[in-house]
Amino acid sequence: MWVMFSNGSYSLSVVLKDSHKQKFPMASASTSMTSVEKSYTYDVFISFRGKDLRTSFVDHLYHALRKRGIIVFKDDKDIEVGQKIGDELPKAIKASKFHIVIFSQRYADSYWCLNELVEILKCQKPGDPTFYPIFYHVAPSEVREQKGPVEKAFAKHLENEAAGRWRAAMEKAATLEGWELTKTGDGHEVQFIEKIVHAIAQKPYFANFSVNENLVGMTARVEKLLLSLQVGFDDVRMIGITGLGGVGKTTLASVVFNRIANQFDGKSFVQNVRERSEHPRGLQDMQKQVLTSVFCDQSIDVPSDVEGRILMKRRMPSINVLVVLDDVNDVRQLKALAEPSWFRPGSRIIITSRDRQVLVAHGVESHNIHDVSTLSDEDAIRLLSRYAFNTECPAQGYEELSKAVIRYAAGLPLTIETLSSSLRARPTNEWEDAIKRLETIPWDDTLNKLKISYDALEKDLKEIFLHVACLLKGRRKKRAIRILESLGFHAEFGIGVLEQKSLITLRDDPYNYHPYDKKVLDMHDHIEEMGMHIVRSMHPEPEQRKLQWIKDEIENIIKEDMVRFKLIL
């Protein structure tokens with residue numbers, strides 16, 4: 001962050017929210033930005049004469065930028081004591097992608113402002129416009145020809161050896177496309193600032209940032225979600241993203257959020273809703289997060305979740321917003337954070353959940369619920385290669401080993417990322433050993449993530465799930481329901497709940513021998529593995545388990561029972 005006060009001029013730099021002293025996130029494969037563009041520290045450098053505009057126009061511009069997700073750092077405490085402002089000025093200008101110069105009637109009075117202008121113009125590249133002049137109650141021709149009030153302000157510099165360079169810079173700057181404000185009044189300035197901020201925020205530079213440079217298989221999903229969102233339509237729209245744990249729901253929501261956030265007046269991304277709502281102040285803390293993020297006001301207080309609802313109902317209709325609620329598992333969370341009637345037309349709410357029924361119960365229309373599927377083998381190999389080898393395909397000698405890992409991962413991005421990261425830079429013999437280990441020892445990171453959905457089930461639903469995982473996967477649906485009902489379970493309801501929570505799926509019977517029972521129970525390989533692991537963990541000794549599915553263990557139990565029976569006889 002750079003802030004400069006000297007001789008009546010004032011300069012500041014603008015950066016994306018939460019990126020202070022950090023570089024921008026890497027762009028996705030679909031982004032055409034160059035590596036140079038990715039290295040900018042700041043988004044916008046603004047130059048203006050402080051005495052003219054510091055507490056008026058620029059202050060309003062500052063708050064408008066914040067509301068669009070662009071934060072202005074203007075606290076002079078960030079400049080270390082003894083640091084020469086003049087020495088840091090060129091660094092700040094070069095570290096910024098865009099440059100805005102606000103020409104006021106006395107801008108040319110400050111040689112600091114004029115030096116800034118010269119340095120800014122040095123950064124401009126042909127065919128890549130990044131400089132935007134604002135003519136504040138002064139005509140472009142007056143700046144270009146140094147006439148009127150500009151001539152008076154510039155007069156003091158005529159004897160300065162740099163006068164010719166400064167004059168040339170002003171002439172060039174005034175020929176570039178910018179904005180001109182000639183009318184007076186706060187209303188005109190507000191509209192003028194909104195126009196500027198909107199134009200800057202729509203630059204491709206601010207779009208298409210992804211949360212992870214290694215993303216694979218995301219383009220089609222993002223485009224499909226954007227079609228459902230239809231940003232710009234004058235309605236309130238809720239979009240759901242559902243799927244099993246680790247399949248990429250949060251990642252998809254993050255990519256879309258970054259893509260469109262600057263098209264809204266306010267925005268908020270609330271992560272881990274399920275986990276946070278379990279804490280005593282969880283709901284009100286999330287309400288506070290939404291309100292403070294949307295309105296860029298940290299002073300907002302939410303004493304209780306009931307008062308939080310009142311605040312949101314009262315304040316949200318004032319601007320159009322983008323809100324993402326990630327990992328929701330209860331309708332009560334949505335009622336506390338996103339009632340459709342609270343929002344202004346044009347607003348969009350994206351909700352990720354493992355439980356489709358939660359979305360339906362809150363009124364999300366079925367055609368606006370997106371099921372995130374696992375990766376294809378081709379995309380899975382690409383993802384593994386990026387994490388393990390930093391390339392688009394496996395390294396020589398690792399082709400078959402990579403295929404083995406992909407077969408185990410079964411298209412689940414979380415598993416692929418975790419395994420390939422742990423195997424990165426390891427020799428082939430360690431890959432072979434790791435793959436053999438996976439055959440007998442589940443991968444903890446993945447199973448712990450998936451087990452969240454199981455832990456949230458009621459007791460009888462847990463039993464139904466374990467029966468399906470250990471015994472009934474691959475059975476026809478109606479046949480499986482009859483088996484479960486014979487054991488005393490309400491199976492029709494239970495199977496429906498497990499499907500809504502993405503723990504099981506229904507697929508068509510490929511043989512179609514039973515015209516009235518065409519659906520087959522199915523589940524992801526890791527979900528099945530998790531169920532079996534849970535049963536083993538509850539009863540380490542095979543003979544103590546209610547569910548038996550391993551042939552060798554069943555035969556051993558039968559043999560031991562026969563021996564005991566003979567001894568009794």
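The values are calculated or read from the model by the stated rules, or taken from the named source; none is laboratory data. Computed from a predicted model, the values in this text were never measured in an experiment. Cβ sites come from the backbone with ideal geometry, for glycine too, and all protein chains shown count toward neighbours. Please note that ligands, DNA and RNA were not included when accessible areas were found on the heavy atoms of the full protein model with its side chains. Shrake-Rupley method; radii C 1.70, N 1.55, O 1.52, S 1.80 Å.
Taking square-rooted eigenvalues a ≥ b ≥ c of the alpha carbon gyration tensor, is region 334-415 rounded, prolate or oblate, where a/c under 1.5 means rounded and, failing that, a/b exceeding b/c means prolate? Since a/c reaches 1.5 and a/b is larger than b/c, the shape of region 334-415 is classed as prolate. If a/c stays under 1.5 just call it rounded; otherwise compare a/b with b/c (prolate if a/b is bigger, oblate if not). Do that for region 391-436, with a ≥ b ≥ c from the square roots of the Cα gyration tensor eigenvalues. In terms of gyration-tensor shape, rounded. Taking 0.36 nm per residue of separation and subtracting the Cα-Cα distance, full extension of the segment from LYS519 to PHE493 would add 7.8 nm.
Going through region 342-398, which GluC sites (Glu not before Pro) have at most 13 other Cβ atoms within 10 Å and a DSSP loop state?
On the way: sites: GLU365, GLU378, GLU392; in loops: GLU365, GLU392.
Here the GluC sites (Glu not before Pro) that fit, given the DSSP loop and packing criteria, are GLU365, GLU392.
Beyond 22 Å in Cα-Cα separation lie the following of the pairs LYS125/LYS172; LYS195/LYS267; LYS94/LYS156; LYS459/LYS518; LYS91/LYS156: LYS94/LYS156; LYS459/LYS518; LYS91/LYS156. Once the C-beta distance of GLU378 and SER537 is scaled by a Förster radius of 22 Å, the resulting FRET efficiency is 0.05 to the nearest 0.05. Ordered by solvent-accessible area of protein heavy atoms (1.4 Å probe), largest first, the residues LYS436, LYS172 come out as LYS436, LYS172.
If you keep only loop residues by DSSP, which GluC sites (Glu not before Pro) in region 259-313 have at most 11 other Cβ atoms within 10 Å of their Cβ? Spell out each step's value before the answer.
Details: sites: GLU275, GLU278, GLU307; in loops: GLU278.
Here the GluC sites (Glu not before Pro) that fit, given the DSSP loop and packing criteria, are GLU278.
Among the GluC sites (Glu not before Pro) found in region 84-163, those both in a DSSP coil and sparsely packed, with 15 or fewer other Cβ atoms within 10 Å of their Cβ, are GLU159, GLU161. Each label point was placed 7 Å from the Cα along the Cα-to-Cβ direction; for ARG344 and GLN298 their separation is 2.4 nm. Classify region 453-548: rounded, prolate or oblate, from the alpha-carbon gyration tensor (a ≥ b ≥ c, eigenvalue square roots; a/c under 1.5 rounded; otherwise prolate if a/b is larger than b/c)? The shape class here is prolate.
What FRET efficiency do you get for SER486 and GLU177 if R0 is 56 Å and r is their Cβ-Cβ distance, rounded to the nearest 0.05? Numbers along the way, then the final one.
Numbers: r = 77 Å, r/R0 = 1.37.
Computed FRET efficiency for SER486 and GLU177: 0.15.
How many times 2.2 N^0.38 Å is the alpha carbon radius of gyration of region 211-309? Before the final figure, lay out the partial values.
On the way: Rg = 15.4 Å, N = 99, 2.2 N^0.38 = 12.6 Å.
Against the compact-globule rule of thumb, the ratio is 1.22.
Subtracting the Cα-Cα distance of LYS335 and GLU555 from their residue separation scaled by 0.36 nm leaves 73.9 nm. Between the C-alpha center of region 252-316 and that of region 165-180 there is a gap of 43 Å.
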